[in-house]
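Participant: I'd like to ask some things about the structure below.
We did not get these values from a lab; they are worked out from the coordinates using the rules stated. What you see is a predicted model; the values in this text were computed from it and never measured. A quick note on method: Cβ atoms are made from the backbone with ideal geometry, for glycine too, and the neighbour counts reach across all protein chains shown.
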Amino acid sequence: MNLVARTPQQMGDALRRFRKLKQLTQRDISGQVGMRQATISSVENGDPGTQLKTLTEILKALNLELVLRERGKTRDVDLEDIFS
């Protein structure tokens, strides 16, 4: 599954979706990355102050990678539909 995230909230929603697909809890991820469960929750809730190191550690724990590409012509409404 590929998801597009352009905002911190969309990134958090995508991470939550992948975590749940893998049947992992926030506590499972926090144990793998050595962070508090509250930190994982904060990232999944779209905290715009999330550090890049935190994000990359969570991606690693979920066996995901970040891919950068030019923005497509997708409208914001279309992106929101992905996460509903």
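Participant: Checking the cross-link filter: which lysines have an alpha carbon closer than 17 Å to that of residue 22, excluding same-chain neighbours under 8 positions apart?
Facilitator: Partners within reach: 60.
Participant: Relative to the longest principal axis of the chain, what angle (0 to 90°, nearest 10) does the C-alpha long axis of helix 52-61 take?
Facilitator: It works out to around 80 degrees.
Participant: Here's another thing I want to ask about it. Residue 73: which lysines have alpha carbons under 18 Å from its alpha carbon, excluding same-chain residues fewer than 8 sequence positions away?
Facilitator: Once the sequence-local lysines are set aside, nothing remains near residue 73.
Participant: Could you tell me, in Å, what Rg and Dmax come out for the Cα atoms of the chain?
Facilitator: Cα-based Rg and Dmax for the chain come out at 12.7, 39 Å.
Participant: Further question: Please sort 10-17, 49-56 by packing, taking for each peptide the average over its residues of neighbouring beta carbons within 10 angstrom, highest first. Intermediate values should be presented prior to the final figure.
Facilitator: On the way: 10-17: 20.0, 49-56: 12.6.
In decreasing order of mean packing, 10-17, 49-56 become 10-17, 49-56.
Participant: What does the helix-only formula give at 222 nm for the chain: each DSSP H stretch with n ≥ 4 adding -39500 (n - 2.57), the total divided by the residues, and the result rounded to the nearest 500 deg cm²/dmol?
Facilitator: On the way: 5 runs with 47 residues, N = 84.
Value at 222 nm, helices only: -16000 deg cm²/dmol.
Participant: Mean separation of Cα pairs under 8 Å and 6+ residues apart, divided by the residue count of the chain: what relative contact order is that in percent? Working shown, then result.
Facilitator: Working: 62 pairs, mean separation 29.8, N = 84.
RCO, the chain: 36 percent.
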